[in-house]
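Data block below; observations after.
What follows draws every value from the coordinates through simple rules; no lab data is involved. Computed from a predicted model, the values in this text were never measured in an experiment. Because the Cβ atoms are built from the backbone with ideal geometry, glycine has one as well, and the counts that use them run over all protein chains shown.
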Amino acid sequence: MLKSTVAKNIKTTEKKIRLHMESDNFIDQSAQFLNDRIMDLNAYTNRPLVTVCIGTDRSTGDSLGPLVGWMLKQKQPYNQFVYGTLNNPVHATNMNDVFSSINTTFNNPLIIAIDACLGNLNSIGYVAYNQGSIKPGAAVNKNLPPVGDLSISGVVNVGGFMEYLVLQNTRLSIVMQMADKISQVIAKLYESKYQH
């Protein structure tokens, strides 16, 4: 069980939360929420935890996932179940192959999907955690299958008009800060799960 200084380790029961990346206790609250959801989904089994970081390094706004994956790969030794990095991104053209490989490698994996998203101006910097799948490519009208048992979506810019251009012109500093925070959250989960 993940130890947290948040709310005296009271188990969260919400199926989704939304936190700003600069909020106090962001990492602890995020990790506690994900850990509680993993315990709900994995209570009587030992499903392997796999993180899939979706996006591309060819677009600043859409690089959140690959940056998280790359940062996780730097945090040894909790990197063996991470897909999607700057060097090997998971995106629309290879997603089916990647998930085929994951399903061949792991027996009934519990997948955490991470992707960038667009929102309104007041939502930039927020990260949404959800028990359920994510719909990658939705911001740019791509029709891709839902992904993940748990999902993490980071709002990197404003949506609603010319989404491709908006993603191309997203500030790298926002994406980097968010990727750093999310990678710390996931690393904390891996430490909790695999360090026993």
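I'd like to compare 15-27, 108-120, 83-95: which one has the highest average count of other Cβ atoms within 10 Å, and what's the full order after that?
So the peptides 15-27, 108-120, 83-95, ranked by packing, come out 108-120, 83-95, 15-27.
Take ASN108 and SER173, extend 7 Å from each Cα along the Cα→Cβ direction, and tell me the distance between the two endpoints in nm.
Reported label-point gap for ASN108 and SER173 is 4.8 nm.
Full-extension gain between SER100 and ASN42, please, as 0.36 nm times their residue separation minus the C-alpha to C-alpha distance.
Result: 18.7 nm gained on full extension.
Taking the Cα-to-Cβ direction at HIS20 and at GLU191 and moving 7 Å from each Cα, how far apart do the two end points lie in nm?
Using points 7 Å along Cα→Cβ, the separation is 2.6 nm.
For each pair in LYS15/LYS188; LYS75/LYS135; LYS15/LYS75; LYS16/LYS75; LYS75/LYS181; LYS16/LYS181, compute the distance between the two Cα atoms and list the pairs where it is over 22 Å.
LYS75/LYS135; LYS15/LYS75; LYS16/LYS75
How far apart, in nanometres, would the label points at GLN74 and TYR164 be if each is projected 7 angstrom from Cα along the Cα-to-Cβ direction?
According to this spin-label approximation, the distance is 3.1 nm.
Is it possible to state the helix-based mean residue ellipticity at 222 nm for the chain, with each DSSP H run of 4+ residues giving -39500 (n - 2.57), the sum divided by total residues, to the nearest 500 deg cm²/dmol? What is it?
It lands at -11000 deg cm²/dmol.
Taking amide H positions as placed in the peptide plane 1.01 Å from N, state which residues far from HIS20 in sequence (5 or more) or on other chains have amide H under 5 Å from it.
Sorted by chain and number, the residues that satisfy this are VAL127.
Fewest to most neighbouring Cβ within 10 Å: what's the order for ILE134, ILE102?
ILE102, ILE134
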